[in-house]
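Here is the structure we will look at, set down as structure tokens.
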Amino acid sequence: MAFLEKSNWVVIFVAVPALLIYAALVVPQVLGKPIAEVSWVQPMIFAIVGFIVANIAGNVVAAASNPGEADRKDQRDTEIDHFGERVGNWLIIAGSIVALVLAMTSADHFWIANAIFLGGIAGALLSSVTKIAAYHGPFQQW
Amino acid sequence: MVKPTRVTNSIRALRFANGEMTQADLADRIGVTRQTIIAIEQGKYSPSLEVAFQIARVLRVRLDEAFGYPDEQG
């Protein structure tokens, strides 16, 4: 498995737990009390920082498992990387547009922040799934 | 955007004709990953012209001996 494919598996294995932990901490509050009283800032920071730290750690482990391939990136890797990023960016843009509309309609900060957060996580996941699919199936950009 | 390539190749046979060269050896000699060589051999990815020339050179054949492009089927 190419290092960049491993790196994208790391994103999936890290992003899904980060999202689930955040949801487990916040969703019960949303269902049980007014939005203004929901404590979401710390869980969101915990999820974002945890995602970044675990992603770095996962990449270090992936690189250590096969040091010879860790620094090798060829044209196909670059093309797959760019393709996956372009696909994933659509969800990040969608989250940003939703956040913009929420801000225009004076929605609570909770909803604005969560639209951006979920757009970012979902975009990262879609990007990684797209790249992994490209590594396993036919891939041609022209 | 993501479609199978119509470019065919004889890389596998040519590797064996060149002292049973492994995919890893070929990848090392042209500076790509072994996974890319596998994808090219399986017709899942067509390389750039530059990589195609490098592959042909390492396998000591002309470009059109390593790669082919079939005529349009009626």
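Just so it is clear, none of the values below were taken in a lab; they were calculated from the coordinates. Here the structure is a predicted model, which is why all the values come from computation and not from measurement. Reconstructed Cβ throughout: ideal geometry from the backbone, glycine too, with neighbour counts over all protein chains shown.
At-a-glance table
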item	result
Note, ³J(HN,Hα) from phi for segment A:111-126, Karplus 6.51, -1.76, 1.60, rounded to Hz, x at Gly and Pro	6, 5, 5, 6, 5, 5, 4, 5, x, x, 5, 5, x, 5, 5, 4
Per-residue average of Cβ from other chains inside 10 Å of B:36-46	4
Amide proton proximity set for B:Asn9, modelled H, under 5 Å, gap of 5+	B:Gly68
Cα gyration tensor category, rounded, prolate or oblate, for segment A:1-130 with a/c compared to 1.5	oblate
Selection from A:Ile93, A:Ser7, B:Ser10 lying farthest towards where the dipole of the protein assembly as shown points positive, charges on Cβ	B:Ser10
Net length gained if the chain between A:His136 and A:Ile48 were fully extended (0.36 nm per residue, minus Cα distance)	28.8 nm
Cβ crowding within 10 Å averaged over residues, with A:129-138, A:86-95 ranked highest first	A:129-138, A:86-95
Segment B:49-56 - phi-based ³J(HN,Hα) in whole Hz, Karplus 6.51/-1.76/1.60, Gly and Pro as x	4, 5, 5, 4, 4, 4, 4, 4
Net dipole in debye of chain A [+1 Lys, Arg Cβ; -1 Asp, Glu Cβ; about Cα centre; nearest 20]	140 debye
